[in-house]
Amino acid sequence: MRKINLEISVEIFDWDELPDTDKMIMRSAQEALQGAYAPYSNFHVGAAVLLEDGTIIKGSNQENAAYPSGLCAERTAIFATGANYPGQIITAIAVTAKPASSPTFVSVSPCGACRQALLEYEYKQQKSIRMLLQGADNTVCVLQSIDSLLPIKFTQDNLG
Ligand code: THU
């Protein structure tokens with residue numbers, strides 16, 4: 001038997017400490033949340049993808065009366081990026097959330113399917129994508145790669 005301990009690093013910034021570029025992309029995610037269509041959960045999620053050339057692509061959750069046909073904000077944003085900017089390097093993605101009943105943003109963390117979808121693009125470009133997650137009390141949690149959110153993963157390498 002062998003045991004491996006996996007460790008991930010998360011930096012937690014108060015809003016005022018956050019570097020300007022990160023503030024900008026998190027603000028874009030907060031704007032993107034306005035486009036959420038979430039009449040079933042009333043949980044609004046916004047995501048913003050930052051490309052190396054400074055372009056920002058926004059996404060938000062899009063629900064459906066046939067529940068599984070809806071899509072999370074992260075995948076809406078990353079698929080729009082893949083479809084419209086196929087050769088561009090993605091440097092970061094920011095995600096925020098707000099229940100309809102809440103006056104403030106709440107902490108959020110991508111679901112497993114979104115982690116898998118995001119990881120595909122990190123593999124595709126062979127370059128880490130930073131992830132900025134809305135934390136509690138207006139904090140922002142920063143991870144340096146998608147890989148760190150999904151350390152035991154299925155990738156193209158598994159396909160042989
Ligand atoms: N949702 C996202 O868009 N991203 C997340 O990271 C968590 C969950 C959406 C899916 C659904 O529309 C609603 O939030 C409630 O789960």
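The values are calculated or read from the model by the stated rules, or taken from the named source; none is laboratory data. All figures in this text were calculated on a predicted structure; none of them were measured in a lab. When we count neighbours, we look across all protein chains shown, and the Cβ atoms used for this are built from the backbone with ideal geometry, even at glycine. Side chains included, ligands, DNA and RNA excluded: accessible areas come from the protein's heavy atoms. Shrake-Rupley method; radii C 1.70, N 1.55, O 1.52, S 1.80 Å.
Some values worked out for this structure:
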item	result
R0 of 25 Å, Cβ-Cβ distance SER148-ASP53: FRET efficiency to nearest 0.05	0.50
The chain: relative contact order in percent, alpha carbon pairs under 8 Å with at least 6 residues between	23
Segment THR155-ILE8, extension gain: residue separation times 0.36 nm, minus the distance between their alpha carbons	51.0 nm
DSSP-assigned coil residues among GluC sites (Glu not before Pro) in the stretch 1-39, each with at most 13 further Cβ atoms within 10 Å	GLU7
Cβ crowding within 10 Å averaged over residues, with 61-72, 135-146, 46-57 ranked highest first	46-57, 135-146, 61-72
Accessible area of the stretch 11-150 belonging to carbon and sulfur atoms, whole % at 1.4 Å probe	52
Distance between modelled label sites at GLU31 and SER69, nm, 7 Å Cα→Cβ extension	3.1
20 Å cut-off, amide nitrogen to a point 7 angstrom out along SER109 Cα→Cβ, residues in the stretch 72-91	72-75
Nearest-0.05 FRET efficiency for ALA83 and MET24, computed from C-beta distance (R0 25 Å)	0.60
Check: the chain dipole with +1 on Lys, Arg Cβ and -1 on Asp, Glu Cβ, in debye	500
Largest-first principal axis extents of the Cα set of the chain (Å)	49, 40, 39
Lys pairs under 21 Å by Cα in the chain, provided they are eight or more residues apart or on distinct chains	8
